[in-house]
Amino acid sequence: MWTITFFSCENFSEASESQKKLTQFKRFIAKTGGEGPTQFIKAAIRKVFSDQLASAYCWKGTTTKPSAEKCFLVTIIKNMCHVKFNCTDKDMNAVLQKHFVQAKDRLTKRKRNE
């Protein structure tokens, strides 16, 4: 939850709107199906990161690409997975890392098939 110590009415309105959007995003991810943590993570990450967007990220981050591991949306997906399933961060990271690493290959394969 947010702690607001000093704010103007305008900042409070922006913070309130951001909180609403965060809640909506969490509900959106919570509706994701999957019989286990692996299926849930794969479905949730595909809802948020298209292959084109995922290819713009690197799992650990580089000087030219931002870190997917530290991305706030990925953190929310991981937290929702913890709520739904009993799984470790290591297991979730393995599935998530594959999604980002293989995104460029999926794009290339899709272009060849067109």
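The values are calculated or read from the model by the stated rules, or taken from the named source; none is laboratory data. Worth saying up front: this structure is predicted, and the values here are computed from it rather than measured. Neighbour counts run over all protein chains shown; Cβ positions are idealised from the backbone, glycine included. All accessible areas refer to the heavy atoms of the entire protein, side chains included, with ligands and DNA or RNA removed. Shrake-Rupley method; radii C 1.70, N 1.55, O 1.52, S 1.80 Å.
The conditions are (1) of a type outside the set (A, V, I, L, M); (2) over 11 Å from the mean Cα position of the chain (by Cα); (3) surrounded by 14 or more Cβ atoms within 10 Å (Cβ to Cβ), and Lys90 fails exactly one of them. Which is it?
Condition (3) is where Lys90 drops out.
Check off (1) open to solvent by 60 Å² or more (accessible area, probe 1.4 Å); (2) under 16 Å from Met92 (Cβ atoms); (3) in a helix (DSSP H, G or I) for Phe28 and give me the number that stays unchecked.
Against the list (1) open to solvent by 60 Å² or more (accessible area, probe 1.4 Å); (2) under 16 Å from Met92 (Cβ atoms); (3) in a helix (DSSP H, G or I), Phe28 comes up short only on (2).
For a quick check of your reading of the model, give me the residue pairs whose first member lies in segment 34-59 and is closer than 14 Å to Gln97 by Cα, whose second is among the charged types (D, E, K, R), with beta-carbon atoms closer than 6 Å and at least 6 apart or on different chains.
Asp51/Arg106; Ser55/Lys104; Tyr57/Lys65; Cys58/Lys65; Trp59/Glu69
Restricting the search to segment 60-77, which residues are over 24 Å from Leu107 (Cα atoms) and either touching a residue at least 24 places away in the same chain (Cβ under 8 Å) or part of a loop (DSSP other than H, G, I, E, B) (or both)?
The answer is Ile76, and nothing else.
Do you know which residues across segment 78-110 are hydroxyl-bearing (Ser, Thr, Tyr) and assigned to a helix (DSSP H, G or I)?
Scanning segment 78-110 gives a single hit, Thr108.
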